Amino acid sequence: MSFDGLELSAIRVSAQVMALATLMCIVVGTTLAWYIARSGRRVAALLSALALLPLVIPPSAVGYYLLYAFGRQSTFGNFLIDDVGLRLVFTWPGAAIAAGVVSLPLFVRTAQAGFEQIDPELLAVASTMASPFRAFVRVALPLAWPALVAATLIAAARSLGEFGATVIIAGNIPGETQTVPAAIYDAVQAGDRPRANALAFFSLVFGLVVLAGLSLVLQRQRYR
Amino acid sequence: MRQFARRLSLPALLPLIAAIALACGANADDGPDPAESLVTPAPGTVSVIEAEPGEAYAGRIRLAAASDLRDALEALRPALEETCQATITPVYGSSGQLKEQILAGAEFGLFLSADAGFPAELDDAGLVVSGGLAEYAVGRLALVTRDGIAPAASIDALIDPVYERVAIANPGHAPYGRAAEAALDSAGILHDIRGRLVFGENVRQAIDYVDTGNADAGIGALALVINADHVLIDAVLHPPITQTGAVVRETGAERTGRCILQYLLNPEGQQALQAFGFEAVAPQ
């Protein structure tokens with residue numbers, strides 16, 4: 001199967017979106033998951049509900065809110081565009097933010113499970129000997145890493161597949177903001193079977209690779 | 001199996017036969033045939049009411065309509081529903097998308113395309129009733145600018161980088177997108193502003209991008225901005241956007257489809273369409 005320029009550019013845009021979205025998930029999601037795992041029951045429940053919200057509302061609703069927040073209709077959006085010079089509507093970083101928001105719940109859930117498995121006594125001991133940050137980096141991270149790798153893979157796969165929210169905020173501009181899912185949608189709508197085939201097949205193969213990686217990580221975790 | 005079918009067939013068919021008889025009776029005796037109450041077609045237009053045997057009226061019809069009709073069709077709907085005695089459920093989209101859906105078997109009684117090519121494709125695929133194709137109007141392009149910046153006075157003004165994002169409908173499957181691209185090309189600025197183009201899924205969305213301020217300017221259907229500030233784009237800059245209707249075969253609502261299309265061709269329909277900026281099809 002061969003890919004033409006438009007298909008390759010969709011794959012490139014998707015790779016950019018996936019990389020930035022996954023990075024967002026790692027930074028924001030790890031922090032959130034850590035606090036949820038370590039906080040008292042009420043705070044944890046509140047944080048957990050907030051982190052899960054994008055999972056239970058339709059991605060198109062997420063896209064709609066983001067479009068409002070970052071676009072010309074809101075004061076914040078006008079501030080971003082005119083004063084900060086940051087244009088997120090119709091750009092790939094905007095698509096990445098949308099994909100990141102939608103993928104965040106999956107990252108947080110998986111990472112949180114990893115943190116919760118750590119023996120609290122180990123962490124208590126660590127906290128008597130080092131700063132909280134050092135204790136997190138030297139003790140918690142090494143113990144929870146398989147869960148964090150799994151979380152990263154799941155978030156990456158989810159952000160590659162994100163369609164509803166990204167297409168609303170980023171539009172569907174070939175070569176600029178058109179991701180693989182958007183290009184598939186476009187090809188189907190335009191009756192371009194070969195293109196839809198090529199890109200859907202690419203997604204299938206990529207999905208299989210991610211799943212294979214995921215099960216390797218999980219196996220390692222089990223036999224540790 | 002065969003025995004079972006034979007035993008089933010007569011009792012099962014009885015209500016059906018009764019229903020058909022009733023329906024025919026209703027058509028023949030009670031009240032006027034909806035199509036007969038129509039006035040004579042406007043000069044230069046085709047008549048699409050000559051139905052074939054086996055075609056039927058339905059109390060409800062799903063209509064695949066190009067999104068340039070979103071305002072005009074809503075305005076026309078009460079008259080259409082009254083004349084053709086059917087509840088109309090319009091589904092709007094780009095003509096190319098709707099054509100794909102009909103090819104894939106979506107049940108639309110009538111397809112109102114923004115161009116002539118997509119209905120012709122359906123016809124080639126054998127999906128249109130005989131005599132069920134008619135060009136009913138010509139669409140025009142209009143240029144709009146978002147609030148808060150200097151309005152673009154003409155299509156050439158789009159070369160100004162102040163219009164950072166210019167919205168058009170997706171030329172891949174939207175006739176107005178193709179026309180907008182052709183107009184930009186004729187104006188000699190397509191190459192320069194290509195990097196600033198953003199595509200709406202259909203012409204309504206392209207206009208929406210400008211309405212919400214997310215695109216700085218846009219080229220779309222006159223029919224959607226007739227009551228807003230706009231600049232009409234010279235029709236010589238692009239091939240005509242010939243609005244074409246196609247009555248879809250074997251939907252059980254073929255006569256209703258013909259009736260609606262015929263209404264659009266009649267003087268009242270033409271007048272209503274022209275109020276939204278559509279132009280009459282030039283006589284052949």
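The values are calculated or read from the model by the stated rules, or taken from the named source; none is laboratory data. Everything quoted here is computed from the prediction, not taken from an experiment. Here the Cβ positions follow ideal geometry from the backbone for every residue, glycine too, while neighbour counts run over all protein chains shown.
Filtering the stretch B:158-180 to residues that are in a helix (DSSP H, G or I) and either within 13 Å of chain A (Cβ to nearest Cβ) or within 19 Å of A:Val89 (Cα to Cα) (or both) leaves B:Pro175, B:Gly177, B:Arg178. Set side by side, the residues A:Ala15, A:Ala10 differ, and just one is more than 30 Å from A:Ile118 (Cβ to Cβ) and crowded, with 21+ Cβ neighbours inside 10 Å, which is A:Ala10.
Scoring B:Ala79 on the criteria (1) within 14 Å of another protein chain (Cβ to nearest Cβ); (2) under 18 Å from B:Ala137 (Cβ atoms); (3) touching an Asp or Glu at 6+ places or on another chain (Cβ under 9 Å) leaves a single failure, condition (1).
Here's the yes/no breakdown for (1) facing another protein chain (nearest Cβ under 10 Å); (2) surrounded by 18 or more Cβ atoms within 10 Å (Cβ to Cβ); (3) assigned to a strand (DSSP E or B):
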{"residue": "B:Leu143", "(1), (2), (3)": "no, yes, yes"}
{"residue": "B:Asp156", "(1), (2), (3)": "no, no, no"}
{"residue": "B:Ala183", "(1), (2), (3)": "no, yes, no"}
{"residue": "B:Asp208", "(1), (2), (3)": "no, yes, no"}
{"residue": "B:Gly213", "(1), (2), (3)": "yes, yes, no"}
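Of the listed requirements (1) modelled with pLDDT of 90 or more; (2) within 14 Å of another protein chain (Cβ to nearest Cβ); (3) surrounded by 14 or more Cβ atoms within 10 Å (Cβ to Cβ), A:Phe90 misses just one: (1). If you filter the stretch B:232-248 down to residues that are crowded, with 20+ Cβ neighbours inside 10 Å and not hydroxyl-bearing (Ser, Thr, Tyr), you find that the one that is farthest from B:Gly126 (Cα to Cα) is B:Ile233. The set of residues in the stretch B:213-235 being under 10 Å from B:Arg140 (Cβ atoms), in contact with a helix residue (DSSP H, G or I) (Cβ under 6 Å, 6 or more places away or on another chain) and β-branched (Val, Ile, Thr) consists of B:Ile233 alone. Residue check: A:Gln112 meets all listed conditions (1) within 30 Å of B:Asp216 (Cβ to Cβ); (2) surrounded by 15 or more Cβ atoms within 10 Å (Cβ to Cβ) but one, namely (1).
Condition test on A:Gly207, is it within 14 Å of another protein chain (Cβ to nearest Cβ) and either not in a helix (DSSP H, G or I) or not hydrophobic (A, V, I, L, M, F, W, C) (or both)? No.
Residues are listed down the side, and each one gets a yes or a no for (1) over 14 Å from the mean Cα position of the chain (by Cα); (2) surrounded by fewer than 23 Cβ atoms within 10 Å (Cβ to Cβ); (3) within 18 Å of A:Arg109 (Cα to Cα); (4) among the small types (Gly, Ala, Ser):
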site	(1), (2), (3), (4)
A:Phe133	yes, yes, no, no
A:Val137	yes, yes, no, no
A:Ala140	yes, yes, yes, yes
A:Ala144	yes, no, yes, yes
A:Ala155	no, no, yes, yes
A:Leu160	no, no, no, no
A:Thr166	no, no, no, no
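Could you list all residues from the stretch A:181-196 that are at pLDDT below 90 and among the charged types (D, E, K, R)? Hits for the stretch A:181-196 are A:Asp186, A:Asp192, A:Arg193. Screening B:Asp192, B:Asp123 for residues that are assigned by TED's automatic domain parsing to the domain that holds B:Leu264 and assigned to a helix (DSSP H, G or I) leaves exactly one candidate, B:Asp123.
The listed residues are B:Gly195, B:Gly188, and the only one of them that is surrounded by fewer than 23 Cβ atoms within 10 Å (Cβ to Cβ) and modelled with pLDDT under 95 turns out to be B:Gly195. Among the helices (runs of 4 or more DSSP H) confined to the stretch A:21-99, the ones with at least 2 residues that are closer than 20 Å to B:Ala167 by Cα are located at A:59-70, A:75-78.
Return yes or no: is B:Gly218 within 11 Å of chain A (Cβ to nearest Cβ) and either over 26 Å from B:Pro90 (Cβ atoms) or touching a residue at least 24 places away in the same chain (Cβ under 8 Å) (or both)? For B:Gly218, the condition - within 11 Å of chain A (Cβ to nearest Cβ) and either over 26 Å from B:Pro90 (Cβ atoms) or touching a residue at least 24 places away in the same chain (Cβ under 8 Å) (or both) - is not met.
Examine the stretch A:143-157 for a residue that is part of a loop (DSSP other than H, G, I, E, B) and under 25 Å from A:Leu47 (Cβ atoms), and state whether such a residue exists. No, because not a single residue in the stretch A:143-157 is part of a loop (DSSP other than H, G, I, E, B) and under 25 Å from A:Leu47 (Cβ atoms). Picking from residues in the stretch B:95-132 that are charged (D, E, K, R) and surrounded by 16 or more Cβ atoms within 10 Å (Cβ to Cβ), the one that is nearest to the other protein chains (Cβ to nearest Cβ) is B:Glu100.
Right, B:Tyr136: over 18 Å from A:Gly191 (Cα atoms), aromatic (Phe, Trp, Tyr), buried (at least 22 other Cβ atoms within 10 Å of the Cβ) and at pLDDT below 95 or not? No; evaluated as a whole, the condition is false for this residue. The sole residue among A:Ala157, A:Ala150, A:Ala187, A:Ala182 that is under 29 Å from A:Tyr65 (Cβ atoms), within 14 Å of chain B (Cβ to nearest Cβ) and touching a Leu at 6+ places or on another chain (Cβ under 9 Å) is A:Ala187.
Among the residues of the stretch A:92-151, those that are among the polar types (S, T, N, Q) and touching a residue at least 24 places away in the same chain (Cβ under 8 Å) comprise A:Ser103, A:Thr110, A:Gln112, A:Gln117.
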